[in-house]
Amino acid sequence: MEYVNTVGLRLDGRRPNEIRQLRAEMSTLASADGSATFEMGNTKVLAAVYGPREASNRAQTDTSKATVRCEYSMAAFSSGERRRRGKSDRRATETSLAIANTLEQNILTELLPRTQIDIYVQVLQADGGMRCAAINAAFLALADAGVPMRDSVAACAAGYLDGTALLDLNYTEDGGGGPEVAVALQTGLHQVLMLQTDSKLSMEVFEEVVELASNGCRAVAEFLRTTLLAHVGRLSLATSIAKSEA
Amino acid sequence: MGVAAVEQPPCLGKCVVPGEPIASLPETGTVRVGGGVQQAGRSLIAVKAGVVQQGPGDSLWVCNRQKRYIPNLNDAVVGDVVFCRVEEAARDLDPVLTCMDTAGKAAGFGPLKGGTLFQVSTSHARTLASGPPFLAALGRSLKFELAVGANGRVWVDAPGPANLALVARLARQAEELDAAGAVAAVKEALASGLR
């Protein structure tokens with residue numbers, strides 16, 4: 001199978017360094033303290049944040065900082081064939097831990113001792129790059145919930161097929177057998193929060209792919225920033241008019 | 001208004017995202033830091049997504065549309081049936097509530113009978129508590145009683161279920177409208193009700 005054709009276009013017509021179309025919506029769930037939907041092409045992820053709230057398990061309460069828990073799951077209808085995954089799906093547990101560890105570094109947990117922050121992420125449509133879409137959606141949901149955070153976060157993945165580094169792989173490209181590296185960055189501080197890969201790759205390829213993924217993160221960061229500012233914008237209008245009336 | 005001219009920081013009213021720098025610390029003098037702002041080296045950065053505002057005592061804070069309430073000292077809150085004040089709110093302890101004001105008088109605190117209770121975001125509760133013009137406009141034609149908690153809970157009582165539903169609905173809708181729009185919505189509701 002040819003993943004990059006002779007003209008340099010991928011299966012879906014993108015160039016190797018093009019990210020898929022990004023879409024996001026905030027405050028999508030009325031019952032959650034914070035929520036957001038994030039789409040990367042056909043991959044669609046919903047994140048809901050509950051907290052900071054009292055820890056459900058008294059024994060697990062940390063008196064110095066907040067506990068961050070994450071539950072990642074894929075809806076039965078998210079992939080091509082309807083498949084019900086059990087609660088003890090190993091990949092889901094691994095991704096849950098990855099998301100929790102990534103975002104915990106970014107949350108100012110020492111400001112909220114004895115509390116618990118629960119992040120629930122569900123994949124509604126799976127077309128590759130779910131891990132990164134999950135982190136982006138969870139970040140927006142945390143911002144929606146007003147959880148204090150050190151910096152903005154953006155995540156993106158890149159792979160290597162047909163001798164070319166490709167940004168933001170979709171499901172078909174993901175199944176191509178090439179390596180994939182997922183990167184999550186703190187946008188202002190330029191720190192890496194997560195760098196994950198499950199494949200073997202040479203140093204040169206690794207550097208090229210990580211560089212491409214980081215560029216992808218920067219593009220995602222710009223989009224997330226615009227989304228957050230638009231979400232805040234309405235509040236700004238109401239507040240400024242209230243001030244002028246006073 | 002005040003005696004000393006306090007310089008308005010240029011960042012007021014700016015929409016910020018987590019990690020965005022708001023201001024840099026001046027060489028001398030003190031800067032008051034409020035909720036949603038943290039010090040990082042020589043600059044102040046936002047840690048929440050919201051609008052930069054100036055709070056009591058010239059402090060800088062970020063106002064956001066939060067649903068979850070974090071207790072603050074001297075906030076008036078509405079619990080399940082009680083209007084009370086947060087007396088102690090240390091970071092590491094459970095908050096202590098009281099039904100008396102600082103002088104020891106009742107001052108409107110205490111159990112609330114009848115009426116209806118609903119929830120709004122903490123920022124809208126703050127707007128309602130500051131006495132927006134649409135409530136005054138409503139009060140000229142309707143009799144009602146309103147208790148607003150900083151924790152986002154609002155209690156309303158009015159004679160007659162129709163009036164009660166009307167006041168509750170208008171108070172909730174005002175979150176989406178600006179001040180002039182809210183007053184217009186009130187006028188429209190009253191006009192259609194009298195028909």
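Values for this structure:
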{"read-out": "Counted residues, region A:43-76 - those being out of contact with any Leu (no Cβ under 8 Å at 6 or more places or on another chain) and away from chain B (no Cβ under 14 Å)", "value": "12"}
{"read-out": "Residue A:27 vs. criteria out of contact with any Leu (no Cβ under 9 Å at 6 or more places or on another chain) and either under 16 Å from residue A:117 (Cβ atoms) or more than 10 Å from every other protein chain (Cβ to nearest Cβ) (or both)", "value": "no"}
{"read-out": "Top-ranked residue in region B:133-142 [being surrounded by fewer than 20 Cβ atoms within 10 Å (Cβ to Cβ) and of a type outside the set (S, T, N, Q); ranked as nearest to the other protein chains (Cβ to nearest Cβ)]", "value": "B:133"}
{"read-out": "Residue A:147 being at pLDDT 95 or above and within 14 Å of chain B (Cβ to nearest Cβ)", "value": "no"}
{"read-out": "Among the residues listed as B:183, B:148, B:154, B:167, the single one being within 12 Å of chain A (Cβ to nearest Cβ) and among the β-branched types (Val, Ile, Thr)", "value": "B:183"}
{"read-out": "Region B:57-89: number of residues that are assigned to a strand (DSSP E or B), away from every other protein chain (no Cβ under 14 Å) and closer than 30 Å to residue A:26 by Cα", "value": "5"}
{"read-out": "Residue match in region A:188-209 (condition: basic (Lys, Arg), without any contact (Cβ under 8 Å) to a residue 40 or more places away in the chain and either more than 11 Å from every other protein chain (Cβ to nearest Cβ) or surrounded by fewer than 24 Cβ atoms within 10 Å (Cβ to Cβ) (or both))", "value": "yes"}
{"read-out": "From the options A:201, A:193, A:166, residue that is of a type in the set (A, V, I, L, M) and part of a loop (DSSP other than H, G, I, E, B)", "value": "A:201"}
{"read-out": "Number of the condition not met by residue A:28 [criteria: (1) touching a strand residue (DSSP E or B) at 6+ places or on another chain (Cβ under 8 Å); (2) at pLDDT below 90; (3) β-branched (Val, Ile, Thr)]", "value": "(2)"}
{"read-out": "Residue match in region B:115-130 (condition: surrounded by fewer than 19 Cβ atoms within 10 Å (Cβ to Cβ), within 25 Å of residue B:36 (Cβ to Cβ) and among the charged types (D, E, K, R))", "value": "yes"}
{"read-out": "Qualifying residue in region A:218-236 (condition: touching a Phe, Trp or Tyr at 6+ places or on another chain (Cβ under 8 Å), within 14 Å of chain B (Cβ to nearest Cβ) and not basic (Lys, Arg))", "value": "yes"}
{"read-out": "Residue check, residue A:175 without any contact (Cβ under 8 Å) to a residue 12 or more places away in the chain and either of a type in the set (Gly, Ala, Ser) or in contact with a Lys or Arg (Cβ under 8 Å, 6 or more places away or on another chain) (or both)", "value": "yes"}
{"read-out": "Residues satisfying the stated conditions in region B:170-180, i.e. outside any loop (DSSP other than H, G, I, E, B) and either more than 14 Å from chain A (Cβ to nearest Cβ) or surrounded by 20 or more Cβ atoms within 10 Å (Cβ to Cβ) (or both)", "value": "B:170, B:171"}
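The values are calculated or read from the model by the stated rules, or taken from the named source; none is laboratory data. Note that the structure is predicted; figures quoted are calculated from it, not measured. FYI the Cβ positions are ideal-geometry reconstructions off the backbone, even for glycines, and counts take in every protein chain you see.
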